[in-house]
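Derivation of every value follows stated rules applied to the coordinates shown; laboratory data play no part. Remember, it's a predicted structure, so these values are computed and weren't measured experimentally. Please note: Cβ atoms are built from the backbone with ideal geometry, for glycine as well, and neighbour counts cover all protein chains shown.
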């Protein structure tokens, strides 16, 4: 860090150094911190807009609280880059999201200042409340703060925690950082209510004009405080939080450091649960991010002078799996008016921007409310609609009970379009879709498909939509092998695999994204390769035939081995009384850390080199004749 450009920030190695500064210098610290954040993310890429919006809040909190002894819990983690810079990681911030670099979200093993690991939203209030309760039971004098924002207040878990926290007597400060955004603009009645509050000139004017009076003497202060409570009850939503048991403060400008420090100091010294409502701007201080907070929510490296993000060099051409889904859902909606699309706050990420534009009345963004999204779909399906839930694999974990109880148990036709299945790369283990095959495979009545290429993805989405029951298509992040997508939609026969190549002693049963990778391995080993297509129902006949013809079977999937597709093959063979020498390859019983997707696959042993090594180590290579050119073609329908 250049000391001339950042004279104050360069002197701060930890929050303890920040607390040694005069309070009057904090605005300069915030200015330098914002400039350094822009410079750093421009060099490395990463989450951007949310961090810019909470620079002043970060400075004020670390100035007022004795961190790390006091606990600060950041929700989601998009907001935590300024926190990392102030907390001993300024010099390594440009390594964020890179292999062996800083984690993209707060991570307990990375720093004692990261008090709670995050990545999924709306956990901060629950975690901070738990810390406060445990500290009180241990007679530890500790302050606990939860910062929730960037869309996290659209999730039910936040209100469950508020409901509980307000009923207890622990010292807890909840900072509601309201910026009207998550990744996309926020949705829902709560957002509209807070938005009305933000833009209300009456409330703002009354509060500002009353500041001088309320500080003159204690009698006036007591009178104005009582008067303010009546005004709040008439024109502000503070009564919601106060009825839940929280002392409500705000709203205040979250970019005004003197007001922030004064208000947070007051809240810190008031016993019990407090909620401070601050108003911030996502992307604050960087004009391109202010104008387009969606684009600059997370970015690759960019030119800080212009805001231009260079176009990435594509190793593969053609559409991404997300784009294939986005095109299919629009085409299907044209054909079938029953189709309704639902997303939990992932319009851009799940490929629904065009659908939203063309079919606004059939598009439902429920906010960060995965549980609600699935039960909403179930309710729609009860009334002869055919909902499609577009959701990331990692977020579907949060709606597991709803999948079982509300959809599958009632055998309702809901299609789950599961994006980011498998390893996602830079966002790390909090966002990896490592478990969906395992947790879905045991649900009765579920049809689960995994496409090997782009065209299969389109046809599987159509197949799942035609199925009169719950179905799921899970596909990875990024592009496929480059197969041309057929515009015509064809329903695939349920539970039928496709033999890609015939070989000798080894049969490789590959699922989804692993088919392309395994084609290289099969060619080197002269092995049979089967594109399994369906995880449930499995192709019973093909598996039994493969076991009869080959002494060695290998299953390969981009999912946890425990309970995954390979486990299903093992179970089928055992139920048939067949004894086959089988090797299951997938994600081992650990978490793959962040890096590029290719680095993560290599770390997991799920690239062609790693898969080949596993097979050779298990079965040996001497009997398997290498084939220079396998000439592999799918031989099934």
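What is the antiparallel percent of DSSP beta bridges lying wholly in the chain, to the nearest 5? The partial results should precede the final answer.
Working: 10 of 66 bridges.
The answer is about 15 percent antiparallel.
To two decimal places, what compactness ratio does region 352-422 give when its Cα radius of gyration is scaled by 2.2 N^0.38 Å? Don't jump to the answer; show the numbers that get you there.
Details: Rg = 11.9 Å, N = 71, 2.2 N^0.38 = 11.1 Å.
Expressed relative to 2.2 N^0.38 Å, the Cα Rg reads 1.07.
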> Of the listed peptides 283-296, 40-53, 71-84, what is their order by residue-averaged count of other C-beta atoms within 10 Å, with the highest listed first?
Replying inline: 71-84, 40-53, 283-296
>> Can you tell me how region 240-341 classifies by the Cα gyration tensor, rounded, prolate or oblate, using a/c under 1.5 as the rounded cut?
In response: oblate
> Taking the DSSP beta bridges in region 498-619 as the whole, what percent of them are antiparallel, to the nearest 5?
Replying inline: 15
>> Apply the a/c threshold of 1.5 to the C-alpha gyration tensor of region 498-619 and tell me whether it is rounded, prolate or oblate.
In response: prolate
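Would you mind getting me the FRET efficiency between residue 548 and residue 484? Use the beta-carbon distance for r and R0 = 41 Å, nearest 0.05. Don't jump to the answer; show the numbers that get you there.
Details: r = 35 Å, r/R0 = 0.85.
Working from the Cβ atoms, E equals 0.75.
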>> Return the equivalent ellipsoid semi-axes of region 1-133 as a descending list in whole Å, where each equals the square root of 5 times an eigenvalue of the C-alpha gyration tensor.
In response: 22, 19, 12
>> Contact order normalised by length for the chain, with contacts defined as Cα pairs under 8 Å and 6 or more residues apart; what percent is it?
In response: 11
> To one decimal place, what Kirkwood hydrodynamic radius in Å is obtained for region 70-119 from all pairs of distinct Cα atoms?
Replying inline: 10.7
>> Once the convex hull of the alpha carbons of region 425-487 is built, what does its volume come to per residue, in cubic angstrom?
In response: 88
> Can you give the angle from 0 to 90° between the axis of helix 26-44 and the longest principal axis of the chain, with both taken from C-alpha atoms, to the nearest 10?
Replying inline: 10
>> Given the -39500 (n - 2.57) contribution per DSSP H run of 4+ residues, what per-residue ellipticity at 222 nm results for the chain, rounded to the nearest 500 deg cm²/dmol?
In response: -11000 deg cm²/dmol
> With the Cα gyration tensor of region 69-166 giving a ≥ b ≥ c as the square roots of its eigenvalues, does the rule (a/c under 1.5 for rounded; else a/b larger than b/c for prolate; else oblate) give rounded, prolate or oblate?
Replying inline: oblate
> Pairing the Cα long axis of helix 321-335 with the longest principal axis of the chain, what angle in degrees results, from 0 to 90 and rounded to the nearest 10?
Replying inline: 80
> Ranked from highest to lowest mean number of other Cβ atoms within 10 Å per residue, what is the order of the peptides 135-142, 568-575?
Replying inline: 568-575, 135-142
> In a Debye calculation with equal point scatterers on the alpha-carbon sites of region 472-557 and no solvent, what is log10 I(q)/I(0) at q = 0.17, 0.18 Å⁻¹?
Replying inline: -0.73, -0.81
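Applying a 10 Å radius around every beta-carbon, put 113-124, 143-154, 438-449, 393-404 in order of their mean neighbour count, most first. Mind dumping the intermediate values first?
Values: 113-124: 23.1, 143-154: 27.3, 438-449: 19.6, 393-404: 21.6.
Ranking the peptides 113-124, 143-154, 438-449, 393-404 by packing returns 143-154, 113-124, 393-404, 438-449.
For region 298-440, just run the numbers: alpha carbon Rg, then divide by 2.2 N^0.38 Å, N being how many residues it has. Could the numbers behind the result be given before it?
Working: Rg = 16.5 Å, N = 143, 2.2 N^0.38 = 14.5 Å.
So the Cα radius of gyration is 1.14 times the expected 2.2 N^0.38 Å.
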>> If I stretch the segment between residue 383 and residue 617 completely, what's the gain in nm (0.36 nm per residue apart, minus their alpha carbon distance), one decimal?
In response: 78.8 nm
> In units of 2.2 N^0.38 Å, what is the alpha-carbon radius of gyration of the chain?
Replying inline: 1.06
